[in-house]
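Here's the structure we're looking at; comments come further down.
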Amino acid sequence: MSGSPAGLEDVQEPLRWPDSVLPAPSGADHLVALDVDGTLMTEDGFISPEAKALVREIRAAGSHVVLATGRPLVALLPVADELGLDDGYLVASNGSVTARLGGPQGYEIDDAVMFEAGPALDLVLHHMPRTLFAVEEVGVGYWVAEPFPERTIMGRQTVVDLRDLAERATTRIVAVDAGEPVGALRAGLAELGLSDTHFSIADLMWMDVAPQDVSKASALERVRAKLGVHERATVAVGDGGNDVEMLRWASCGVAMGHAAADVVAAADTITGSILDDGVVAVLQAVLDRLEGVELPRR
């Protein structure tokens, strides 16, 4: 990072690229990674017409727009459809699932980092016996031992016996009302090659369990290599803790204006908040770069 991030006062001006991470030369193919919730889409599910139009223009100019989200694939596909994405890659479940759009079903799984649910479930239940679990069923939703409250997890819920749940291979386990992280639990998960992320929604503590060393960044690096995009032609925009590694990975990481301090610290610059549709300034700057317009530097 060079200098201090551009403040919200810069939002009405063209986005300013930090000199040290200025993307590849004008006209080069770019990979633009976009978080969905809180970045591209508002809390009530709205994506602005301006953002949609710029996504289309960037793709028409020959570059790649990749949605990268914590959402499961089943909840990401409608967003891709709304944006008119009918080819290219999607990164779901915080990097555990990568899909390629196209084909008879509309997509195919390009990569899914799986693990056996049983050992992790046993470990969490030992430490937190009242936890409610969901085990991801890629492209469908979740297997659950008990139904989750409405609108708390995305996709179809299929109720199965807990013993059956433990026999599944999955990309992610979601646990609700799990309480605070316990040292012994975290150490045990690490021994299984897993990591846990805790966050709070609606006064409940949630925990995601996923394979270690898997993130939006790791999945995007695979996609970048497959597409043959130069490392310096990568841009990422996000607002949450699960975007930190992605922002560090990108040649130019852009934090949304409402992002927490640790997210902003991981980025190279900052744009407007979701209420300001800050992603539009980033997309316009990328398009200008592709069209050979010299961008303001600082």
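No value in this document is a laboratory result; all are computed from the given coordinates. Just so you know, these numbers come straight off a predicted model, no measurement behind them. Neighbour counts are summed over all protein chains in view; Cβ atoms, including those assigned to glycine, are modelled from backbone coordinates with ideal geometry.
Data table
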| quantity | calculated |
| --- | --- |
| Phi to ³J(HN,Hα) by Karplus 6.51 cos²θ - 1.76 cosθ + 1.60 over the stretch 275-285, Hz, x for Gly, Pro | 5, 8, 6, x, 5, 4, 4, 5, 4, 5, 5 |
| Burial ranking of peptide ranges 102-109, 209-216 (average Cβ count within 10 Å, highest at the top) | 209-216, 102-109 |
| Theoretical gain in end-to-end length, K226 to E108 [0.36 nm per residue, Cα-Cα removed] | 40.9 nm |
| Karplus-derived 3J(HN,Hα), 6.51/-1.76/1.60, for each residue of the stretch 31-36, Hz, glycine and proline x | 10, 10, 9, 10, 5, 9 |
| Sorted by Cβ neighbour density within 10 Å, fewest at the top, the residues H126, H30 | H126, H30 |
| Amide H contacts of G70 (H built 1.01 Å from N, under 5 Å, at least 5 apart or other chain) | V36, N94 |
| Packing-based exposure ordering (other Cβ within 10 Å, fewest first) of F133, F46, F115, F148 | F46, F148, F115, F133 |
